[in-house]
Amino acid sequence: MSQAVTAVKEQEELLLCRSYSRYPIAIVRGRGARLWDVDGKEYVDLLAGIAVIGLGHCNEELCDALNAQSRMLWHVSNLFYQQPQLDLARLLLSTTHHDKAFFCNSGAEANEACIKLVRRYMRTVQQRDAFEIITLSGCFHGRTLAALAATRREALSAGFFPLPEGFKQVLAGDLNALRNAVTTSTAAVLLEVVQGEGGIVPLEARYLRGVEALCREHGILLICDEVQCGLCRTGKFWAFQNFELTPDIISIAKSLANGLPMGAMLTTDEAAKGFAAGSHATTFGGGALTSAVAAKTVEIMLRDRMDERAAKLGTHLRQRLAALQERMPHAIREVRGLGLMTGIELAQNGQKIWDELLRRGYICNLSQGAILRLLPPLVIAQADLDGFVDTLEHILKTCP
Ligand SMILES: *Cc1c(COP(=O)(O)O)cnc(C)c1O
C-alpha cells in the first residue's frame with residue numbers, strides 16, 4: 001500500500017463506522033471504463049461501482065444533463081408535480097409491459113416498495129390475508145431489515161434479529177420445493193433471474209417459466225429484482241426479457257442514474273392498485289436532479305442500443321474465457337453469465353489472483369473467495385476485455 005493510500009486509510013479508520021472492508025486503493029478520477037488512483041496509476045474498471053456506472057465514468061452527455069438541471073431545479077419533494085420524474089417514467093415504461101412507476105433511492109428501498117405493494121394489494125384488492133414473500137437460495141435483495149429477511153443469509157443478518165416476519169426461502173432451481181412452499185398466505189415470489197451477489201448465477205429458462213406459471217396458477221404475484229441485472233446489462237433491456245417472463249412488478253436501482261442514488265419500482269396497473277394516496281412515500285425519491293440524469297441515462301441506453309452492445313461484448317468475453325478454461329481446466333472451474341454479467345469460478349481461492357489483477361491494473365470483484373465477478377461499464381472497449389483475459393491467462397500460468 002502506497003503512502004498516499006495509507007494516509008487515506010488512517011483517516012477512514014478515525015472517521016467512519018466500521019462497516020466496509022475496502023480494497024487497498026483510493027480512487028480520485030474516472031473516465032469511461034478507466035479509473036485513476038491517488039498515485040496516478042490507471043486501472044481498467046471491470047466492476048463499474050458494482051454495476052452502477054453503465055455509461056462510463058463522467059459521461060459527457062450526463063454531465064451536461066446534470067449541469068443543465070442543476071441550474072433549473074434540484075428538489076421540491078413529492079408534494080409537487082415536476083416534469084423530470086414524468087420524463088423518466090415515460091422512458092422506463094416504454095421498455096417494458098409495466099404501466100406505472102414509483103421512484104425511490106436505492107435497490108433495497110425498491111424492494112421494500114415491492115414488498116409493501118404486494119402485501120397491500122393482497123389485503124385491499126384481493127381481500128386475502130396473503131403476506132408471505134418466497135425468495136430463492138443464493139439471492140440478494142439488500143440490507144434494510146425487510147430486504148435482509150428476504151435475503152435470508154446468516155452472515156448478513158447475524159446480530160440484527162428480530163427481522164420482519166413473512167418471508168420464506170426455497171432452493172433455487174427446484175420447482176417442486178417452490179410448489180410445496182406455496183400456501184394461502186403466499187403473496188409473491190421475489191427473484192433475480194441472474195443472481196448477482198450470489199456469484200453471477202443465471203437461473204434456467206425452464207425453471208423461471210415454471211415459477212411464473214405457478215404464480216399465475218395460485219394467483220400470487222411475481223416480482224423480479226432487476227437492481228443488478230436490469231438496464232441492458234444482460235443483453236436485453238430487462239433481464240427478465242431474456243426468458244419471456246411478464247413479472248407483475250420489478251425493482252430497479254444500481255445503473256439507473258449512472259452513479260446518483262436512484263431506485264424504482266415498475267408495476268402493472270393491476271398490482272399498482274395496491275397503493276392509494278399516502279400508502280408509501282419517500283422525501284428524495286424521483287427528485288428533479290436525479291430524475292433528469294436518470295432520464296438521460298435511459299435515453300442514451302435506448303438510443304445507443306446498449307442492450308445489443310452488452311449481448312455482443314458479453315458473448316465475445318465468455319467465448320474467450322471458455323477457450324481459456326479449455327486450456328486451463330485445472331485453474332478455472334466454470335465460466336457463466338449473461339451479457340456483461342460474468343462470473344469466473346476458479347478452482348481454488350482467488351485472493352492471490354485478484355491481488356495480481358489489481359496490481360496489473362484490472363479492477364474486478366472477488367465473490368465468495370473464488371469467483372471473479374465482472375460487471376464492466378456497458379461502454380467498455382472490447383480491447384479492454386481482451387486485455388483482461390490475456391492478463392488473467394498470464395497470471396494463472398505464472399502464479400502458483
Ligand atoms: C445491490 C442489490 C440490491 C440492493 O441495492 P442497494 O442500492 O445497495 O440497496 C438489491 N438487489 C440486488 C439484486 C442487488 O444487486
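Under a crude label model (7 Å from the Cα following the beta-carbon direction), how far is Gln382 from Gln11 in nanometres?
Result: 4.2 nm between the two label points.
With angles folded into 0 to 90 degrees, how steeply does helix 288-303 sit against the dominant principal axis of the chain? Use alpha carbons for both and round to 10.
It works out to around 70 degrees.
At q = 0.10, 0.13, 0.18, 0.24 Å⁻¹, what log₁₀ I(q)/I(0) does a Debye calculation on the Cα points of the range 299-400 give, no solvent, two decimals?
Computed log10 I(q)/I(0) values: -0.26, -0.44, -0.81, -1.38.
For Phe80 and Tyr23 in one chain, what is 0.36 nm times their gap in residues minus the Cα-Cα distance, to one decimal in nm? Each step should come with its number before you reach the end.
Working: separation 57, 0.36 × 57 = 20.52 nm, distance 4.18 nm.
Result: 16.3 nm gained on full extension.
If Lys and Arg each add +1 and Asp and Glu each add -1, what is the summed charge of the other residues whose beta carbon sits under 10 Å from the beta carbon of Ala187?
Residues near Ala187 contribute +2 overall.
On a 0 to 90° scale, report how tilted helix 306-327 is relative to the longest principal axis of the chain, with both axes built from alpha carbons and the result rounded to the nearest 10.
On a 0 to 90 degree scale, this one is about 50.
Would you mind putting 16-22, 190-196 in packing order, based on average other-beta-carbon counts within 10 Å, highest first?
Answer by packing, highest mean first, reads 190-196, 16-22.
What whole number of Å gives the distance from the Cα centroid of the range 69-92 to the Cα centroid of the range 337-367?
Going from one Cα centre to the other spans 39 Å.
Provide the packing ranking of 61-70, 226-235, 341-350, i.e. peptides ordered by the mean count of other C-beta atoms within 10 Å per residue, highest first. Write out the running numbers ahead of the final one.
Details: 61-70: 15.3, 226-235: 28.4, 341-350: 20.6.
The packing order, highest mean first, is 226-235, 341-350, 61-70.
With each run of n ≥ 4 DSSP H residues scored as -39500 (n - 2.57), what mean residue ellipticity at 222 nm is computed for the chain after dividing by its residue count and rounding to the nearest 500 deg cm²/dmol?
Roughly -11500 deg cm²/dmol at 222 nm, from the helical runs in the chain.
Let's see if you can work this out: charge +1 on each Lys and Arg Cβ, -1 on each Asp and Glu Cβ, no other charges. What is the dipole magnitude of the chain about its Cα centre, in debye to the nearest 20?
It comes to approximately 180 debye.
With a 10 Å Cβ neighbour count serving as the proxy for reagent exposure, in which order, fewest first, do Glu197, Glu165 appear?
Arranged by neighbour count, lowest to highest, Glu197, Glu165 become Glu165, Glu197.
Can you list residues from other chains, or at least 5 along the same chain, whose modelled amide H is less than 5 Å from the amide H of Arg333?
Correct list: Glu345, Leu346, Ala347.
May I ask which residue of Gly369, Leu171, Thr246 lies farthest towards the positive end of the charge dipole of the chain, with charges of +1 (Lys, Arg) and -1 (Asp, Glu) on Cβ and the Cα centre as origin?
Of Gly369, Leu171, Thr246, it is Leu171.
For the range 137-202, give the magnitude of the charge dipole about the Cα centre (Cβ charges: +1 Lys/Arg, -1 Asp/Glu; no others), in debye to the nearest 20. Mind dumping the intermediate values first?
Values: 5 positive and 5 negative charges, 16 e Å.
Using only the charged Cβ atoms, the result is roughly 80 debye.
Which order results if Lys9, Lys168 are arranged by neighbouring Cβ count within 10 Å, fewest first?
Lys9, Lys168
Rank the residues Glu270, Glu13 as a footprinting-exposure proxy: fewest other Cβ atoms within 10 Å of their Cβ go first. Walk me through the numbers before you get to the answer.
Details: Glu270 13, Glu13 9.
Arranged by neighbour count, lowest to highest, Glu270, Glu13 become Glu13, Glu270.
Give the angle, between 0 and 90 degrees and rounded to the nearest 10, that separates the Cα long axis of helix 60-70 from the longest principal axis of the Cα atoms of the chain.
Taking the Cα atoms of the chain, the angle to 60-70 is about 50 degrees.
Roughly how many nanometres apart are two label points built 7 Å out from the Cα toward the Cβ at Arg303 and Ala276?
About 4.3 nm separates the two model spin labels.
In whole angstrom, how far apart do the alpha carbon centroids of the range 7-46 and the range 167-213 sit?
Here the two parts' Cα centres lie 37 Å apart.
Taking H as built 1.01 Å from N, whose amide H comes closer than 5 Å to the amide H of Asp225, not counting residues under 5 places away?
Sorted by chain and number, the residues that satisfy this are Leu191, Glu192, Val193, Ser251.
With θ set to phi - 60°, apply the Karplus curve 6.51 cos²θ - 1.76 cosθ + 1.60 along the range 31-46 and write out the HN-Hα couplings as whole Hz, x wherever there is a Gly or Pro.
These are the phi-based 3J(HN,Hα) values: 7, x, 9, 10, 10, 10, 9, 4, 8, x, 6, 9, 10, 8, 8, 9 Hz.
All of the numbers you see were taken from the coordinates with simple rules; none came from a lab. Only a predicted model underlies this, so the values are computations on that prediction, with no experimental measurement involved. Reconstructed Cβ throughout: ideal geometry from the backbone, glycine too, with neighbour counts over all protein chains shown.
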